[in-house]
Amino acid sequence: MQNSKTFLLVVLGILAAFGPFVTDMYLPGLPAMTAYFGTTASMVQLGITTAMLGLAFGQIIVGPLSDKYGRRKPLLLSLGVFFFSTIGCIFSWNVEVFIFFRFLQGMAGAGGIVISRSVATDCYSGKELAKAFAMISAVNGLAPIIAPIVGGVLLKFTNWQGIFFALLVLGILLLLLCAQLKESLPREKRITISAFSSFQAFLPLLVKRKFMSYVWVQALILGVIFAYISSSPFILQQHYELSPLMYSFCFAGNAIALIIGTTWASYFRSMRKGVLLGVGGSFLLSILTALTLWFELPILYFEGALFFTLLFSGLVMPTTTTLALDAERQKAGTASAILGAVGFLIGGIVSPLVGLGNILHATAIVMVACSFIALGLMCRNK
């Protein structure tokens, strides 16, 4: 007996949100953690970087394994690793240990991301697949809204360790929910080669120009989003002097832009036109956002420009995912792994870059550079 469509979509959306939720919930506590560990902002931001690298590396492992052994077992194993790594984060005695466990947390979150896309590809196709990805992306957008608000509220009553304890409880609840998830990949559709040999499936996909162009476009637009995510606690709390709770509400408002963008994607008959509009709009609005940062304009100018930058960036996510995975549905797990891994690899590179020198100027440069290269790739791939 299969899961109901409603149950499936809700679980897939939560799983897709799991990795970003792990990243975003403790963001209001970054400045406090800098003081707690007696280190620099850039060093604390490495916790974001290593989590993203874990998300990238974990998807490379989980993707082929899910094509070999099915979706359910790797997912439950990932949630078990999350439980262990979160306990490690809570009891970290220095920032280096914390960074290590953040890497493991990222790897655990990778299971939810790659398998949610793979299960959707197993169950849907064509326009229905595009709608499923749009819905998953919209639910995914709830994580950046809820996570920092919860984190900001928790900081009123506890410290940063309390935020990770809440994440631990969330992981346990998600494990119980996923225990009810039925296997979506029948044995006859699984790859028959050995688990080790299954990793060779990456090579043919990596040389497919059309597939990889959509992978890189999505990754670079994610670079715009991650540049904002990793720098936002310091820009909004230190430069604009917002409280952790007010920062959380600003972060939530910006996440609404992503939800609007991802939902907008389902109204396009041509996914490629959606990608072109999203990338072009993201580039133009990134320039405007960069100008508000460079000249240190009031927060309303910055937030207004950023809102529309994220809206157009959100449009790129489901459209590029649909185009990439619809073309490679025979290797959905591996293709999904590449799509996610490259995106979080770019995020892992971007996060420490925005902490170098003047964080306002560095963030401005990174956002414009990522969106400009993405636009160039789309113009080239006609």
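Things worth noting here:
- MRE, 222 nm, helices only [DSSP H, n ≥ 4, -39500 (n - 2.57), over the chain, to nearest 500]: -28000 deg cm²/dmol
- Measuring spread by the Cα atoms of the range 284-325 yields a radius of gyration and Dmax of 13.0, 41 Å.
- Surface share of carbon and sulfur [accessible, 1.4 angstrom probe, percent] for the range 304-382: 73 percent
- The chymotrypsin sites (Phe, Trp or Tyr not before Pro) of the range 241-326 that meet both conditions, a loop assignment by DSSP and at most 15 other Cβ atoms within 10 Å of the site Cβ, are Phe295.
- Contour excess over end-to-end distance, with Cα ends at Ser270 and Leu297 and 0.36 nm allotted per residue: 6.0 nm
- Loop-located trypsin sites (Lys or Arg not before Pro) across the range 233-289 with a Cβ neighbour count of 13 or fewer within 10 Å are Arg269, with loop assigned by DSSP.
- For the range 1-133, the carbon plus sulfur part of the accessible surface works out to 73%, probe radius 1.4 Å.
- When only Cα pairs below 8 angstrom with a gap of at least 6 residues are kept, the chain shows a relative contact order of 28 percent.
- With q set to 0.07 Å⁻¹, the log10 of I(q)/I(0) for the chain, from the Debye formula over equal scatterers at the Cα positions, is -0.27.
- The gain in end-to-end length when the Val169 to Ser243 segment is fully stretched comes to 24.1 nm, 0.36 nm per residue minus the alpha carbon separation.
- Total lysine pairs whose alpha carbons fall under 17 Å of each other in the chain (8 or more apart, or interchain): 17
- Alpha-carbon geometry of the range 1-105: the Rg and the Dmax are 15.9, 54 Å, given in that order.
- Gyration tensor verdict on the range 60-101 (Cα atoms; rounded if a/c is under 1.5, prolate if a/b is larger than b/c, oblate otherwise): oblate
- For the range 253-382, the solvent-accessible area of protein heavy atoms averages 40 Å² per residue (probe radius 1.4 Å; ligands and nucleic acids excluded).
- Alpha-carbon centroid distance for the pair the range 23-58 / the range 239-318, whole angstrom: 22 Å
- Sulfur and carbon atoms: percent of accessible area, the range 223-291 [1.4 Å]: 71 percent
- Normalised by 2.2 N^0.38 Å, where N is the number of residues, the alpha-carbon radius of gyration of the range 227-382 equals 1.08.
- Max-minus-min Cα coordinates of the range 171-316 on each principal axis give 59, 40, 31 Å, with the largest extent listed first.
- Cβ-placed point charges (K, R +1; D, E -1), dipole of the chain about Cα centre in debye, nearest 20: 1440 debye
The values are calculated or read from the model by the stated rules, or taken from the named source; none is laboratory data. Bear in mind the structure is a predicted one, so any value in this text is a computation, not a measurement. Methodologically, a virtual Cβ is constructed for each residue, glycine included, from the backbone with ideal geometry; neighbour enumeration extends over all protein chains shown. To get the accessible areas, we keep the full protein, side chains included, count just its heavy atoms, and leave off ligands, DNA and RNA. Shrake-Rupley method; radii C 1.70, N 1.55, O 1.52, S 1.80 Å.
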